[in-house]
Amino acid sequence: MNRPSPLFRYLLFSLPLAFLLLFYFYPLIKIVLLSFLPEGVWAPDRLSKLISSPTYARILWFTCWQAALSTIITLVLALPGAYIFAHYRFFGKNLLQALMTVPFVLPTVVTAAAFRALLGPNGLLNNWMMAGFDLSHPPIRIDQTVSFFLLAHVFYNYTLILRIVGSFWAGLDPDIRAAARMLGASPWQTFRRITLPLLMPAIGSAALLVFIFCFTSFGVVLILGGPGYATLEVEIYRQSVQLFNLPMAAALSLIQIAVNFLLMWVHARLGKKAKVAFYSDSATGTAIKVTTSKQKVLIGVNLLFMVLLLLTPLLALLIRSVTGEDGLTLAYYSALFTTQARSVFFVEPISAVTNSVGFGLAAMTLAVILGLLASTFLASARGRGSSLWDAVIMLPLATSAVTLGFGYIITLNRPPLNLRDSLALVPIAHALVAFPFVVRCILPSLRQIPQSLREAAALLGASPYQVWRRVDIPIISRAILVGAVFAFSISMGEFGASAFVTRPHTPTMPVAIFRFLGQPGDLNYGQAMAMSSILMLVTCSGFWLIGRLDSSKKSPDTFK
Amino acid sequence: MKEVIEKQMMPDSRKILTVENLSNRYEGQPLLQDISFSLMQGEILCLLGPSGSGKTTLLRLLAGLEKEETGSIIFCGREIKDVPPHKRNFGMMFQEYALFPHKTVQQNVAFGLEMQHCPSHELSRRVETVLKMVGLSGLEHRKIDELSGGERQRVALARSLAPEPQLLLLDEPLGSLDRALRDRLTGEIRTILKSLAVTAVFVTHDQAEAFSIADKVAILHHGSLQQLDTPEKLYRTPINATVARFLGFQNLVKGTVDSNSAFQSSLGALALVEQMVQPGKKTTLLIRPEGARLASCSTDETDDIQIAGIITGRQFQGSTYKLTLQVKELSLTFDLPIDPAPPNIGQSIELLLNPSAILLISS
């Protein structure tokens, strides 16, 4: 076997490992210490008092409750959609599938802004209804209620369930269903006794992911839920940034970390089981044309719902960003370029765009370098060591960004590592969040390269470096690109950690939008809409670019 | 008199399946064209054809898993066009077996019986019997992913047999197994099907498999039924060049029949014997590879046809030599016994052809 020496491999890995130690484990350990040693002395009873307090229990209960409800609603709404996507071919399916990615990559702050633009007190629907029916008050009063952020949760988790369950469903060998039919099972019996049990791993894994996302929901709850509601994440933010109760924040973070690790562990277990399921070669080849009118109604209703749920908030956002009190206007966009007296900014707001792009590029570069090194290490490792390190690298995924941000402000603000006023803090935080995604993009395609390819290159006279450069890199170049776009988008939309670590003079776009939304007045509101629209377009264009690359050169599945 | 009547009645009353003028389309393209055939009770029919010939589609039409466009399928005297698959009581063995991955061997085999609401003691007895028959006793509680390819194949067979189907459909059931296992299981399947007297339709692209398993073989090509016969008749008298080529015959010589009923081709004029000529427009001469022997070791006067050429290929194949010779501008291939060994490449050779190995067919 032509594999790099262990020393060299660990040398490769030392950089990502050092990064994780410094910017992940160090802040996290500090949080744990702060929970148990609030004033530098061992005081576990304080922690237990905090945990047993009713506030604490109430927050935890609310966090679980809203996450569970969001998950159930999303499942009920998305499963019919998954069915039609897995089984039928219809006009506009590809376009719709492309649109499905939008909510998922959309920054939470933009999602929140979009729902405000549609259904908020100043939103399009309320404005139209007030004008149309001559009302003095907005008729839809959903702002600052649980329903509002539940709706937003459904919005960006709907597509997640659709994708996971839909593709799994399409991948189930249709002959298995046919076999049940041939053995005398009616369509309903086939679904209940064969299809549903086979889908369970995918449904369970998708539902758990949705639960995790809703459990750690921050931006949406903070903006749409208002002061009356707090998930763990929101409470950590309030306790630390607004109330300066660091021990309380640390205690909350501790429980957040514990619950997240538990959920991610369960998810990993489920994921392993889900892979056991049998796939047929033709994952999409089994979709059939719509024939009966019953099918047409089923598909029509689902598509209408999808378009309503997914497109209207985004359209409302765009429309609201160009409509002022006197009709169409670009005033909000132009206001982004000026510094106003009563502004919430010290610089013109448009600089947030340049900040975000700059941070995004830096975070992307960092995340791709680290991700490439870590993937190369993991791909060449075998056995238990490999899966252990794999799990370690995935840990940042299981940690909420808010916890990380909080960890940063309590550790990196003072020696030995003082980055308080350093511009590097934001890209570092973003790179840490994005780095596991990059690994997840690159590692599978790196592992798919058969060892024989490298051996063939070596026998043709290529040195190990040449093999890496001329065989590995060209094959995984697309995966690297996808990872890079992911990292960039994550950085552009990241809000949880940014809320802690951005400096007042250098806000990122989500932070700027949050500040605008928190201020009264139509101009602030309009500017939030305008900036959200810009952010939405920037994030989506990256994925549009990937889509274009995909269609221009269809990569043949050589290694299947 | 009575006996005669019975003899005439018998075939009809035993006719279990009749397919008439069946056609269908796939994505607007015609796939099956005007297929008609019938099947007797207890017969094993093989649908043989290259991939894309429509054989699997035909099978799925019989199963009710696909819809026909025109024509009818009559089973036990009843049109079954509108009977959904789960009410047909047909068994089917799928290409990749389609075993239920979330059930054990026992649960897989029991599924069909459960659908028939078979009482539990009866159910476990029948599952046990059928597992014993396919040689899987003791593996009842294994999971599907713990089985080897051959074991999965047996589970699939057991599962399709357990509900005692009126018609068993098998879609390339040995396709994904290696050669040796395939050969062994081919024999086993025929023995099992025959012992249960099951009527079966079996799809394959492998001629050897079809010949060793089937009572009748139907050759499909581009969606149309070319010929349906017993394996031996099919081999001895393929109806046209398409069938002959599919059966692996290489010596197909084009030509015309002249007024003296001699076959004119690049081989020269060949006087035809009656048995070689069958009705219809014949333009191709088929010479089967096993019908030749060395002229040098034959002393008797026979009416065998003599043929001379230069050896261009000589391949030892175990029981035979595969000899390729250049006869004028034609290249012909023959299987010759290994004793006496034929001359080497480049040398000329004279062969005697057995008239029964020569057939005039349409192209």
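No value in this document is a laboratory result; all are computed from the given coordinates. This one's a predicted model, so the numbers in the text were calculated from it and none came from an experiment. Ideal geometry is used to build each Cβ from the backbone, glycine not excepted, and the neighbour counts take in all protein chains shown.
Farthest towards the positive end of the charge dipole of the protein assembly as shown, among the residues A:310, B:72, A:549, is the Cα of A:310, using unit charges on the Cβ of Lys, Arg, Asp and Glu. Going down the table (A:93/A:294; B:15/B:81; B:81/B:103; B:254/B:322; B:233/B:322; A:296/B:67), which pairs top 26 Å between alpha carbons? Exceeds cut-off: B:81/B:103. The alpha carbons of segment B:253-361 give a radius of gyration and a Dmax of 14.2, 44 Å, in that order. Over 22 Å apart: what share of the alpha carbon pairs of segment A:1-100 falls there, rounded to a whole percent? Every Cα pair in segment A:1-100 considered, those over 22 Å come to 69 percent. Highest mean first, the peptides A:48-61, A:507-520, A:198-211, B:26-39 sorted by other C-beta atoms within 10 Å per residue fall in the order A:507-520, A:198-211, B:26-39, A:48-61. By the beta-carbon count within 10 Å of each Cβ, the least crowded to most crowded order of A:546, A:176, fewest first, is A:546, A:176. Projecting each Cα onto the charge dipole of segment B:253-361 (Lys/Arg +1, Asp/Glu -1 at the beta carbon, about the Cα centre), which of B:271, B:340, B:312 comes out farthest on the positive side? Projecting each Cα onto the dipole axis, the largest value belongs to B:312.
Remark: the residue A:386-residue A:11 segment gains 133.5 nm on full extension, using 0.36 nm per residue and subtracting the alpha carbon distance.
When Rg and the Kirkwood Rh are both derived from Cα coordinates, the Rg/Rh ratio for segment A:144-228 amounts to 1.20. What you get for segment B:2-241, charging only the Cβ of Lys and Arg (+1) and of Asp and Glu (-1), is a dipole of about 380 debye around the Cα centre. Between residue B:181 and residue A:337, the simple label model (points 7 Å from Cα in the Cβ direction) yields a spacing of 7.2 nm.
Considering only B:26, B:118, B:16, the residue lying farthest towards the positive end of the dipole of segment B:2-241 is B:118, judged by Cα position with unit charges set on Cβ.
In this simple spin-label model, placing a label point 7 Å from the Cα along the Cα-to-Cβ direction at both residue A:69 and residue B:69 gives a separation of 5.6 nm. Compactness of segment A:411-469 is given as radius of gyration and Dmax, 19.5, 55 Å, from Cα positions.
For the protein assembly as shown, the Kirkwood radius over C-alpha pairs fed into Stokes-Einstein at 4 °C and 1.567 mPa s yields D = 39 µm² per second. Within the protein assembly as shown, antiparallel bridges make up roughly 75 percent of the DSSP beta bridges whose residues both belong there. Secondary-structure-derived ellipticity at 222 nm for chain B, considering helices only, amounts to -8000 deg cm²/dmol, per-run term -39500 (n - 2.57) for DSSP H runs with n ≥ 4. Short to long, the 10 Å bins of the Cα pair-distance histogram for segment B:2-241 hold 7, 30, 35, 21, 6, 0 percent of all pairs. I need the calculated FRET efficiency for the pair residue A:48 and residue A:241, taking r as the beta carbon distance and R₀ as 25 Å, to the nearest 0.05. For residue A:48 and residue A:241, the calculated efficiency is 0.50. Annotation: Cα Rg of segment B:40-167 relative to the compact-globule expectation 2.2 N^0.38 Å equals 1.15. As a proxy for reagent exposure, A:85, B:111 were ordered by neighbouring Cβ count within 10 angstrom, fewest first; the result is B:111, A:85. When the square roots of the Cα gyration tensor eigenvalues are ordered a ≥ b ≥ c, the ratio a/c for segment A:36-83 is 1.5 or more and a/b exceeds b/c, which makes its shape prolate. The modelled label-to-label distance between residue A:137 and residue B:331, using points 7 Å beyond Cα along the C-beta direction, is 9.3 nm. Shielding value for A:172-178 is 6, the average number of Cβ atoms from other chains within 10 Å of each residue's Cβ.
Around residue B:91, under 13 Å between beta carbons, what's the net of Lys plus Arg minus Asp minus Glu among the other residues?
Surrounding charge for residue B:91 is +1.
Inter-chain Cβ neighbour count for A:184-194, averaged per residue, equals 4 (cutoff 10 Å, partner chain atoms only). For the residues of A:91-99, the average number of beta carbons from a partner chain within 10 Å of their own beta carbon is 0. Dipole magnitude for chain A: computed about the Cα centre from +1 point charges on Lys and Arg Cβ and -1 point charges on Asp and Glu Cβ, it is near 1660 debye.
Set the Förster distance to 56 Å, then compute FRET efficiency between residue B:347 and residue A:301 from the Cβ-Cβ distance, nearest 0.05. Rounded to the nearest 0.05, the efficiency is 0.10. Partners of residue B:328 within straight-line reach, counting aspartates and glutamates whose Cα lies under 20 Å from its Cα and excluding those fewer than 8 residues away in the same chain: B:304, B:350. Ranked by how many other Cβ atoms sit within 10 Å of their own Cβ, fewest first, the residues A:7, A:311, B:185 fall in the order A:7, A:311, B:185.
Grab the beta carbon distance between residue B:41 and residue B:139, set R0 = 30 Å, and tell me the FRET efficiency rounded to 0.05.
With a Förster radius of 30 Å, E is 0.40.
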